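Asker: A single structure is presented below for examination.
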Amino acid sequence: RAKAHGRGGYVVFDETMHKQVRSRLWLGNSLRYAVKAIEQGQNPFLLQYQPIFCLRQQRLIGFEALLRWHHPQQGLISPEKFIPVAEETGLIIPLGQWVLKAACQQLAVWEQEFSVPLTMSINVSSQQFLQPNFVQSVESLMQSHQLAGHHLKLEITETVLMESTHYVTDRLEQLQNLGISLSLDDFGTGYSSLNYLYNLPINTLKIDRSFVWGIGQGQDQIVKTIIALAHGLEMNVVAEGIETIEQMQYLHTLGCELGQGYWFARPLQPEAAQQVIATLSSPMSLSLPIAE
Ligand code: C2E
Ligand code: MG
Ligand code: MG
Ligand code: MG
């Protein structure tokens, strides 16, 4: 077959495809073992916590929980790589449930330890969000950890909003009735229709980092427009991926309420995140950004 095509690009393409398929299969299989290991007490997953700040007061508001997979041979594998595979294989359901539980547990521990209000933002995949018992499972976690709903923020993406509107609206309202706040993550990168943005009960828009990186690069109008849109719809705004003081100041000038990014702090191990709470919850210190 290869001969018939001479020395053209066909063979190369074919091999690349095989490689991709193999690595996908490999990833799917290892992920299955890894998720199984959670129940067997050998959990290879962990959460890191990235601080989120109020831009006006430069004050710590809370954290976003970000999933990592510690693979014995490959080291830390990025969620960008394994979340899509988890979604394709359905493994995102047990994995997402573990994330929810672990993040709630951590928040409860910090709330006991420190008497400052903190929020925990948790990423939720569409599939997970659409599970029939999703709201119940969130509610029961809130109860068992005695968490107030307004300390929890669930981050969903635009793909959720593509599903049947009634079902999604009901679900979002049920969560809001628990006091939980809802964020639309990676805003501007998906298939947003302004129509459902207008009609759905969403509290917060998260500006995708790609737009934040466009600040000062001739793309200032994009963040400006997103912020104006959010405020026009009575939503607040979180900017992710803030890496420079210029980006931070520009976003603040435009009235963007909250922000996260390497300029403030990277995603941190729980101990380091706890240090941040301890340091920043004392009113005397405003020593940003935070070194790792
Ligand atoms: P996301 O929810 O949009 O999370 C923000 C991502 O931006 C994180 O990448 C974070 O580390 C990164 N980030 C924040 N500030 C900066 C910055 O200043 N510079 C740069 N270069 N990056 C920054 P991460 O942790 O690799 O996660 C990637 C994506 O994986 C997340 O994007 C989210 O979509 C998904 N993800 C992570 N954890 C979970 C989870 O528990 N469940 C689900 N369903 N998805 C998750
Ligand atoms: Mg997120
Ligand atoms: Mg995001
Ligand atoms: Mg993003």
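Asker: How large is the Kirkwood hydrodynamic radius of segment 123-251, counting all unique pairs of alpha carbons, in Å?
Answerer: About 15.5 Å for segment 123-251.
Asker: Now, a different point. What FRET efficiency comes out for the pair residue 105/residue 221, r = Cβ-Cβ distance, R0 = 30 Å, nearest 0.05?
Answerer: According to the calculation, E is roughly 0.10.
Asker: Moving on. Find the relative contact order for segment 129-273 and round it to a whole percent, using C-alpha pairs within less than 8 Å whose residues are 6+ positions apart.
Answerer: 17 percent
Asker: Right, here's the next one. Return the FRET efficiency for the residue pair residue 189, residue 56: r is the Cβ-Cβ distance, R0 is 22 Å, and the value is rounded to the nearest 0.05.
Answerer: Working: r = 26 Å, r/R0 = 1.20.
Approximately 0.25, to the nearest 0.05.
Asker: Which values of log₁₀ I(q)/I(0), to two decimal places, follow from the Debye formula for segment 141-189 at q = 0.19 Å⁻¹ with a uniform point scatterer at every Cα?
Answerer: Listed by q, the Debye log ratios stand at -0.67.
Asker: Expressed in nm to one decimal, what extension gain is obtained for the pair residue 198 and residue 16 from 0.36 nm per residue of sequence separation less their Cα-Cα distance?
Answerer: Taking residue 198 through residue 16 to full extension adds about 61.2 nm, to one decimal.
Asker: Now for a different question. Neighbouring Cβ atoms within 10 Å as the yardstick, rank 135, 237 fewest first.
Answerer: 135, 237
Asker: Which three numbers, in whole Å and largest first, are the semi-axes of the equivalent ellipsoid of segment 182-233 derived from its Cα gyration tensor as √(5λ)?
Answerer: 20, 11, 9
Asker: Here is a further query. Please work out the Kirkwood hydrodynamic radius for segment 111-156, using every pair of different C-alpha atoms, and report it in angstroms with one decimal place.
Answerer: Evaluated over segment 111-156, this radius sits at 11.7 Å.
Asker: How much FRET efficiency would the formula 1/(1 + (r/R0)^6) give for residue 269 and residue 33, where r is the Cβ-Cβ distance and R0 is 25 Å, rounded to 0.05?
Answerer: FRET efficiency, residue 269 to residue 33: 0.55.
Asker: For segment 110-198, report the translational diffusion coefficient in µm²/s to the nearest whole number, using Stokes-Einstein at 25 °C, 0.890 mPa s, and a Kirkwood Rh over Cα pairs.
Answerer: Estimated via Stokes-Einstein, D reaches 176 µm²/s.
Asker: Counting other beta carbons within 10 Å of each residue's own, what order do 33, 262 fall into, fewest first?
Answerer: 33, 262
Asker: Would you mind classifying segment 172-211 by shape? Square roots of the alpha carbon gyration tensor eigenvalues, ordered a ≥ b ≥ c; an a/c under 1.5 is rounded, otherwise it is prolate if a/b is larger than b/c and oblate if not.
Answerer: Numbers: a/c = 3.50, a/b = 1.62, b/c = 2.17.
Verdict is oblate for segment 172-211.
Asker: Next question. Among 133, 156, 146, flag the residue with its Cα farthest along the positive direction of the charge dipole of segment 129-175, charges on Cβ as +1 for Lys/Arg and -1 for Asp/Glu.
Answerer: Most positive-ward Cα: 146.
Asker: Add -39500 (n - 2.57) for each DSSP H run of 4 or more in the chain, then divide by its residues: what number comes out at 222 nm, to the nearest 500 deg cm²/dmol?
Answerer: Numbers: 11 runs with 134 residues, N = 292.
Helix-only estimate at 222 nm: -14500 deg cm²/dmol.
Asker: Largest first and in whole Å, give the semi-axes of the chain's equivalent ellipsoid, each being the square root of 5 times a Cα gyration tensor eigenvalue.
Answerer: 32, 25, 22
Any read-out appearing in this document is the output of simple, stated calculations on the displayed coordinates, not a laboratory observation. Quantities reported herein were computed from a predicted structural model and do not represent experimental measurements. Virtual Cβ from ideal backbone geometry, glycine too; neighbours counted across all protein chains shown.
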